[in-house]
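Right, one structure below, let's go through it.
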Amino acid sequence: MSADDESADGARPGAAAVHMDGITKRFPGVVANDDIDFAVDRGTVHALVGENGAGKTTLMNVLYGLYEPTEGSVRIDGVRHEFDGPSDAMDAGIGMIHQHFMLVDTMTVAENVVLGNEPTKWGGFATDRAQAIEETKALAERYGFDLDPTAQIDEISIGEQQRVEILKALYRGAEILILDEPTAVLTPQEVEGLFDILEELIAEGKTIIFITHKLGEALEAADEISVLRDGKLVGTVSSAAASQEELARMMVGRDVLLDLEKPAAQRGDPILEVEEMSVEDDRGVTAVSDVDFAVHEGEVFGIAGVDGNGQSELIEAITGLHQPSSGTITFDGSQITTASRSDRIGMGMAYIAEDRQKRSLVMDYDLRRNGLLGCQRLPEFSNGFRIDWESTEEYVDDVIDEYDVRPPDPSADAHSFSGGNQQKFIVGREFERDPSLVVASQPTRGVDIGSIEFIHDRLLDLRADGTAILLVSSKLDEVRQLSDRLAVMHDGEIVAVVDPDAVSEEELGLLMAGEQPAGITAESARVRGGESA
Amino acid sequence: MLYAGAGLAVVAVACLWLFGPVDASSIAMALRFTVPIGFAALGGIFSEKAGIINIGLEGLLIIGAFSAVASMYALSLTPIGANVWLAFGFAIVASAVVALLFAIACIEFKADQVIAGLAVWLIALGFAPFASTIVWGQVNSPSVDGFSKWAIPGLADLPVFGDIFVMRPPVMLLIVAGPLTWYVLNRTRFGLWIEASGEDPKALDTAGVDVQLVRYVGTVLSGVYCGIGGAALALRVGQFTGGGETMVNGRGFIGLTAYLIGNYNPIGAFFASFLFGGLEVIQLSIQRTSDIGIPTRLVGVLPYVIVLVVLVFVGKTQMPSSAGDHYESDD
């Protein structure tokens, strides 16, 4: 680390907390950041938005000292710095809260907070645990965090873990906090909690930069918003003066339809019928109790609900990953309650899993081999003994081409792609098999806005072709926009099936919380009655 | 896990009592037999908690045992003369150096830890008898002087139990090493780093601690402990025997099992080692007294059967999440 001699004694009054000047970062073959000027004032929240691969994270990694910029300079409080690594950045008062938390699960909150900077006693022969707990507690209280310093990390919620990460940075004296997609893993309530914390931090004079691609959140929480596209800074706007549409246009470079144009459903015969089905989770607790519904050709049947109300178990029972404890599932006229996963795939059931890295991809496989996953027994790809790699390659090339997977390299490993491109590839792989039923669980979770639009369009294309679609999403606007009929799950039961255009968000919220809003009961009874008739 | 460990010790003593009269001398004998197992177990905890699974503990014990006797022999040919403590020190250094090589293979050259660990064992298993043959013309060394027993003042004069407190220094070292290891792992910064290094090395790295250095130190410590254990074994017997599986005869692997039973808790590992030490006593007494002629090999199976039974009752052990994985820093 080196600082200008003239100003080595400290901050220049009036200078921006962060000033990145003309930052260019080149990787072999790629310009990740192209001449970016980026400044953040002290005591403000600055959102950095852009699609996956726009260069947000690269820019922040330059600021955090993980990358050395090819060109350009970084000034913190007006003092020029050249960081050799994150520890230099930390010394300069920069803390980063990564998307994947850097916490040791088996250790306590306090131990994680002090890790690497432990207070010691007895001449260094022991960590001063009492002091670690005391300091953590004091810090948590100062910023209004409700945290038990002695709780073990794997016993606390994701939202609390995030607060521990923030405490870690504060404990190391961070004045500038970088949060990488902090809301991606949080529930809506936890997001609100996080925004309260950000306000608290600002009140204490901290400066915050957060990376996101959720425009609503950027508008809500930030004072200023900078938009990156293809490695370039498109512009910086004040959140008071910006609109979602404007930001989306800056981000994608064209108009984005935030409201979907959806033709009326051409509803055909029922494809999937679920009758009186109950499912137990891995611990033997009833997760889905006695649900009844049918998904028809050419319609999107949506399931809304707060995560953890039985949606995952329901989907796993339908796709064949989990046996229901009672009830039947009928697919395309035949009973598949106990059919194997590969039978269901063979019958034309496509599945976009909630956790793409665990369920949909083998992260160490290249796209070619990932493209084969699930269809390895289909006659197009295998003669029963050996795999037909040529037709697999053709298929994968098609998917990459049609679904705009970037970079278009079938021999690259899955983990080298961004979340959005991984998801586009999975969607392509599943949709190109010409399914008669698509089971899509959180199809746009952690995906950038351009890819979301793309995936939504494809879903509606399939719907227009007469495919039945079962959609589960915890994003309320998504299920409302896409679904023709919308079921609400609470505590393992379908509490109502409603017309998504006829209910308000508040009414849905009440249903999701397990309450029956006045006026909905009769209507949902009608929809349910109409269905079973 | 502490309770489980203490429970195991009770079981061990109960076993001793079932198979023969428990007296001070059989407990003392069990403690003696515990020494190489216990040191291997405590050392293995350091390395595996840091993220390097050291399956080569057995090999390190062999290196320790051979180096101790070879040093005694070599020293006796010099003007310095045979010195047990000096030989003890050389054995520790030799074992630590081999552990360092193992760590370099695993960390620097990203070798598979299990395969590299097996290599350590196989190389030691081949090298020690080979070196014996070169030096002494046979796989067994001639007799050398070993440690002599010390009586702990006061305690050794107790009635009935007095004999327990007449012991060789390595036994005392082990009794100190158990709690000391627990203290280092649970109460010092280094212990916290070891845990973080094995659980979530990236978290430790971003906290500004050098993960690879922590892993090197953890692995070399396992070498130091095994050096002590191997040397203690050879300097008790006063000879290195290199036939078959050598005089170490699986004690390293038993040590590995002991720390798994103790679920990486040094105190638990100590008591589990003591259980195995006690089983060895029982084995000997069965072989010596039995008229029914139980085959030696069958009796030798006993520890492993106990392991299975104990693991069923003690429950599963929780491995460090990142043990066995290479770690590469991004910056």
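The values are calculated or read from the model by the stated rules, or taken from the named source; none is laboratory data. Keep in mind that this is a model prediction, so the values were computed, not measured. Please note: Cβ atoms are built from the backbone with ideal geometry, for glycine as well, and neighbour counts cover all protein chains shown. Heavy atoms of the whole protein, side chains included, go into the accessibility calculation; ligands, DNA and RNA do not. Shrake-Rupley method; radii C 1.70, N 1.55, O 1.52, S 1.80 Å.
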What's the average, rounded to a whole number, of partner chain beta-carbon atoms within 10 Å of each residue's beta-carbon in A:122-129?
-> 4
Loop-resident sites, the stretch A:267-366, for trypsin sites (Lys or Arg not before Pro), counting at most 13 other Cβ within 10 Å (DSSP) = A:R283
Which lysines does A:K56 reach when only Cα atoms under 19 Å apart count, and residues fewer than 8 places away in its own chain are ignored?
-> A:K25, A:K214, A:K232
Which distance in Å, rounded to a whole number, links the C-alpha centroids of the stretch A:146-209 and the stretch B:240-300?
-> 51 Å
Tilt relative to chain A, helix A:419-431 - C-alpha long axis, 0 to 90 degrees, to 10 = 10 degrees
In a solvent-free Debye calculation with one equal scatterer on each Cα, what is log10 I(q)/I(0) for the stretch A:103-173 at q = 0.26 Å⁻¹, listed in the order of the q values?
-> -1.20
Just tell me the longest site-free run in chain B, where the sites are GluC sites (Glu not before Pro) in a DSSP loop having at most 16 other beta-carbon atoms within 10 Å.
-> B:1-244
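For the stretch A:103-173, what relative contact order do you get, as a whole percent, if you take Cα pairs closer than 8 Å and at least 6 residues apart? Don't jump to the answer; show the numbers that get you there.
Details: 74 pairs, mean separation 31.0, N = 71.
Rounded, it is 44 percent for the stretch A:103-173.
Got a sec? What order do A:R75, A:R42, A:R377 fall in by accessible area at 1.4 Å, biggest, i.e. largest, first?
Working: A:R75 70, A:R42 100, A:R377 165 Å².
Correct descending sequence by accessible area is A:R377, A:R42, A:R75.
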Cleavage-rule hits, trypsin sites (Lys or Arg not before Pro), the stretch A:196-265, DSSP coil, Cβ neighbours within 10 Å at most 14 | A:R254
Area accessible to solvent at A:E506, 1.4 Å probe radius, in Å² | 130 Å²
Could you tell me whether chain B comes out rounded, prolate or oblate from its Cα gyration tensor? Rule is a ≥ b ≥ c as square roots of the eigenvalues, rounded for a/c under 1.5, then prolate if a/b exceeds b/c, otherwise oblate.
-> oblate
So for chain A, what are the equivalent ellipsoid semi-axes in whole Å, largest first, each being the square root of 5 times an eigenvalue of the Cα gyration tensor?
-> 44, 27, 23
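Measuring with a 1.4 Å probe in the full set of protein chains, what accessible area per residue, in whole Å², belongs to the stretch B:175-238?
30 Å²
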Sort out for me the Cα centre separation of the stretch A:260-320 from the stretch B:134-168, rounded to whole Å.
-> 73 Å
Here the relative contact order (percent) of chain B, from C-alpha pairs under 8 Å and at least 6 apart, is 38 percent
Nearest-ten-degree value, helix A:389-402 long axis tilted from longest Cα axis of chain A | 70 degrees
In straight Cα distance, which lysines are under 17 Å from A:K358, not counting same-chain residues fewer than 8 positions off?
-> A:K424
Just add up the charged neighbours of B:G230: K/R +1, D/E -1, any other residue whose Cβ is under 10 Å from the Cβ of B:G230.
-> 0
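Run the helix sum for chain B: -39,500 (n - 2.57) per DSSP H stretch of 4+ residues, divided by residue count, reported at 222 nm to the nearest 500 deg cm²/dmol. If you can, show how the numbers build up before the last one.
On the way: 12 runs with 225 residues, N = 331.
Per the formula, -23000 deg cm²/dmol.
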